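In what follows, a structure is listed as structure tokens, so that the remarks can point back to it.
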Amino acid sequence: MKALLKNYRQSPRKVRLVAELVKGKPVQIALSELRYRSKRAAPVFEKLIRSAMANAKVLGMNEKMLMVKDIRVDKGPVLKRSMPRAQGRAFPIHKHTSHIFVSLSDAGVAEKSGTKKETKKEVRITKK
């Protein structure tokens with residue numbers, strides 16, 4: 001299930017720091033981590049994940065089995081302003097925006113496809 005937020009007024013570089021924390025985690029763990037995170041983007045991610053959970057509930061998916069499949073933070077439009085400076089000059093100010101995309105998936109399906117069998121190798125010590 002998906003949820004999208006466009007034109008969030010914070011730079012993508014700062015928002016990606018929070019996005020990397022919750023990518024690939026179960027939804028309940030991701031929400032608990034975001035609740036106590038002191039970054040400005042954390043409540044926005046929490047709200048967006050809850051929105052995606054509500055979308056999944058409408059489709060009949062189990063909320064407790066969901067996990068954060070993908071979070072993508074893209075660059076949005078840049079608001080260009082200018083700051084007046086001495087002697088009639090103007091310095092540019094760039095106000096960056098972000099587009100945030102959250103995708104949830106069923107955790108049961110993701111766990112089965114991601115498992116790999118480990119092979120054990122025997123080590124023999126020979127004396128000469």
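Annotations for the structure displayed:
- Qualifying residue in segment 50-71 (condition: under 30 Å from ILE93 (Cβ atoms) and either out of contact with any His (no Cβ under 8 Å at 6 or more places or on another chain) or open to solvent by less than 50 Å² (accessible area, probe 1.4 Å) (or both)): yes
- Just one of the listed residues (LEU5, LEU79, LEU31) is in contact with a Lys or Arg (Cβ under 9 Å, 6 or more places away or on another chain), surrounded by fewer than 13 Cβ atoms within 10 Å (Cβ to Cβ) and not acidic (Asp, Glu), namely LEU79.
- Selection of first residues in segment 82-105 that are over 28 Å from VAL22 (Cβ atoms) and of second residues that are among the hydroxyl-bearing types (Ser, Thr, Tyr) and open to solvent by less than 100 Å² (accessible area, probe 1.4 Å), restricted to Cβ pairs under 6 Å at least 6 apart or on distinct chains, gives the following pairs, ordered by first then second residue: ALA90/SER82; PRO92/SER82.
- Elements of type helices (runs of 4 or more DSSP H) contained in segment 1-70, each with 1 or more residues being farther than 15 Å from SER103 by Cα and among the polar types (S, T, N, Q): 27-35
The values are calculated or read from the model by the stated rules, or taken from the named source; none is laboratory data. All figures in this text were calculated on a predicted structure; none of them were measured in a lab. FYI the Cβ positions are ideal-geometry reconstructions off the backbone, even for glycines, and counts take in every protein chain you see. What goes into the accessible areas is simple: the full protein's heavy atoms, side chains included, and nothing from ligands, DNA or RNA. Shrake-Rupley method; radii C 1.70, N 1.55, O 1.52, S 1.80 Å.
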